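In what follows, a structure is listed as structure tokens, so that the remarks can point back to it.
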Amino acid sequence: MRPRALVLAVLLPLVVYVGLYTWNAKTGVIDRLTAVLGLDVAGWVFRPGRALERGGRELWERYVYLVGVRQENEDLRAEVRALQEQVAQLSEKSAEAKRLAALLALPPLEGWERRGARVVAQRPGPGMVLDGVILDVGHAHGVHEDAPVQAAAGLLGRTTRVGRFFAHVLLVTAPVSRVPVISQEGRVPGVVCGQGADEPLDVRYVPLGQPVAVGELLVTSGMDGVFPRGIPVARITAVSVGEGALFQKVEARPVVPIDAVEEVVVLQRPQAAAVEAGGQ
């Protein structure tokens, strides 16, 4: 049997039955025949129609219910996504507020002014090793070359190239960076030299016999005239003395998480800022 004939064979009796049932519902002719044919015969004939009607109604109601539930679920999912985005934004603002509060809590440095700035980019040096970052301040904001840059935890570096609206910061971890320091406890001098972002800092020229210990904090000594005195730079991680050496071999790690800094302050002397502003 061909598909078309099969469909007609199935649908035609169903259409006839539904038509007959509907016609009787309107005219009541078949119902009146029950007096002749008997109530049982009519009941057996029309029982499937009642069941079909009930099933169709239940199916429709279930469909409408499921459509409503599906829409409600979609609305709830959209609301959850919106709330998740709002929570993420609030968390980010809260974290930023904590970082800014830490910067504002830094003790004042006599003879120095602070200007807030944001890190907008990172600059790799030779060998694609991170040795600098870009700040969103420049000459237009009174920032000049060789200005110390401080994060909440300590020294980040100093400006080396300054444009009108942006400035490049040489990090303390850069291979060409040199920062005169002094140990906080023993007041032992040295020079912190960068060896790359993933390498320990090399603390050079620490005299033999001077008391330096692992865990001791190194702060800027202010002896170079570039950095103010007392800014945390690094913490000692290793101390040793080689045979025939003139100085102790000292390694340290920076106190600032270099690759995680987002906000900083640029330090500048008031007179330097005035001269810079006057030259524009």
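In a strand (DSSP E or B), under 30 Å from Lys98 (Cα atoms), more than 29 Å from the chain's Cα centre (by Cα) and in contact (Cβ under 8 Å) with a residue 60 or more places away in the chain: which single residue out of Val192, Val264, Val233 fits that description?
Within the list Val192, Val264, Val233, the selection yields Val192.
If you scan region 195-223, which residues turn out to be surrounded by 13 or more Cβ atoms within 10 Å (Cβ to Cβ), in contact (Cβ under 8 Å) with a residue 24 or more places away in the chain and not in a strand (DSSP E or B)?
Hits for region 195-223 are Gly196, Ala197, Glu199, Pro200, Gln210, Val212, Glu216, Ser221, Gly222, Met223.
Residue under question is Pro180, and the condition is that it be closer than 19 Å to Val261 by Cα and at pLDDT 95 or above; does it hold?
No; evaluated as a whole, the condition is false for this residue.
When the residues of region 263-278 are narrowed to those that are in contact with a helix residue (DSSP H, G or I) (Cβ under 7 Å, 6 or more places away or on another chain) and at pLDDT 85 or above, which ends up nearest to Thr159 (Cα to Cα)?
That would be Val265.
The values are calculated or read from the model by the stated rules, or taken from the named source; none is laboratory data. Because the structure is a prediction, the values reported are computed rather than measured. FYI the Cβ positions are ideal-geometry reconstructions off the backbone, even for glycines, and counts take in every protein chain you see.
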